[in-house]
1. Read phi for every residue in the range 45-51 and hand back ³J(HN,Hα) as whole Hz from Karplus 6.51 cos²θ - 1.76 cosθ + 1.60, θ = phi - 60°, with x for Gly and Pro.
2. Under unit Cβ charges (Lys, Arg +1; Asp, Glu -1), what dipole magnitude, rounded to 20 debye, does the range 49-150 have relative to its Cα centre?
3. Quick one: what are the phi-derived ³J(HN,Hα) couplings along the range 162-167, Karplus 6.51/-1.76/1.60 with θ = phi - 60°, whole Hz, x for glycine and proline?
4. Arranged from highest to lowest average of other beta-carbon atoms within 10 Å per residue, in what order do the peptides 44-53, 140-149 appear?
5. How large is ³J(HN,Hα) for each residue in the range 81-90, as worked out from phi by the Karplus curve 6.51 cos²θ - 1.76 cosθ + 1.60 (θ = phi - 60°), to whole Hz, x for Gly and Pro?
6. Residue farthest toward the positive end of the dipole of the chain, with Cβ of Lys/Arg at +1 and Asp/Glu at -1: which of Gly145, His130, Gly12?
7. Would you mind putting 18-24, 210-216 in packing order, based on average other-beta-carbon counts within 10 Å, highest first?
8. Roughly how many debye, to the nearest 20, is the charge dipole of the chain about its Cα centre, given +1 on each Lys and Arg Cβ, -1 on each Asp and Glu Cβ, and no other charges?
Amino acid sequence: MQPKSVIVTGAGAGLGKGIAERLAADGFDVAVTDIDAQAAEGVAEDLRARGLGARAYALDVSDPEQVDSVVERVIASQPQLYGLVNNAGIGRATAFLDISKKDWDRITAVNTTGPFLMSQAVIKELIKHHEGSIVNLSSIAGKDGFPHWVHYGVTKHAVIGLTRGLAREFGGEGIRVNAICPGAVKTAIWGAEAQGTDDPDALFASLASRTALGRGQSVEDIAAATSFLIGNEAINITGISLSVDSGLLFS
Ligand SMILES: NC(=O)c1ccc[n+]([C@@H]2O[C@H](COP(=O)([O-])OP(=O)(O)OC[C@H]3O[C@@H](n4cnc5c(N)ncnc54)[C@H](O)[C@@H]3O)[C@@H](O)[C@H]2O)c1
């Protein structure tokens, strides 16, 4: 079978990097995109050194011109575009009364407008082949409320709305759209600065202790779920928001 391409946003670090590595190992030709061009190039170089298919692109998902230009370049230079992982996201704990309009606009631009722009640009191409699969990174904050994460939670609820609407609108075109809701994975978002505490490990441990399985998740756990939903084994799954949270939320 000819390899097909998948675009992963925010793939220079954290979950996106792990997802890009997993999809490349699955046999996809991966477009490794990130606002941090050097980080994206590092991940793509490493994959190519292992004999896997990958190209790097600098991309801020909130910028419509960059989105259109990168998607066009992927279509022109890589095998048939089949998939998109809307992974790029930002978040920082902030008391609701302290959230500035500027912070609100930026988090919305990256976490919600980014997946909207990327999905629109990519779906135009997927329709031509009558097949495709999109996975959107939402969060447990897309299904429940968490103090100091209201702005972030609103964007992640919106990602589930986007997932459901697109799954209905494009199912007839052979395009599946699903979301993944991670609980807690130790990436930059779990650093002291983003969590607004001197002891983010204690916060992480307290969240993990509230789960049915009593643990957090790894980058590989999220990459495995993404691999499943992107690939053919999930051929009859669309519109779902899969919690990968060790049983924090039963939803
Ligand atoms: N880590 C967790 O516990 C967790 C839990 C739930 C959901 N998530 C979601 O998973 C996704 C990945 O999170 P992570 O923990 O790997 O974060 P991270 O901060 O480790 O990595 C995010 C990556 O996105 C890139 N990025 C930031 N802004 C961008 C933009 N405008 N355009 C393109 N790239 C941009 C960064 O350069 C970075 O490489 C996010 O959507 C996040 O909300 C993470």
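Each reported figure results from applying straightforward, stated rules to the coordinates on display, with no laboratory input. All figures in this text were calculated on a predicted structure; none of them were measured in a lab. Counting neighbours? That spans all protein chains shown, and the Cβs are built from the backbone with ideal geometry, glycine included.
1. Those phi angles translate into 4, 4, 5, 4, 4, 8, x Hz.
2. 220
3. 3J(HN,Hα) across the range 162-167, in whole Hz: 4, 4, 5, x, 5, 4.
4. Top to bottom by mean Cβ count within 10 Å: 140-149, 44-53.
5. After applying 6.51 cos²θ - 1.76 cosθ + 1.60, I find 6, 10, x, 9, 10, 7, 9, 3, x, 10 Hz.
6. His130
7. Result, highest mean first: 18-24, 210-216.
8. Using Cβ point charges on Lys, Arg, Asp and Glu, the chain gives about 520 debye.
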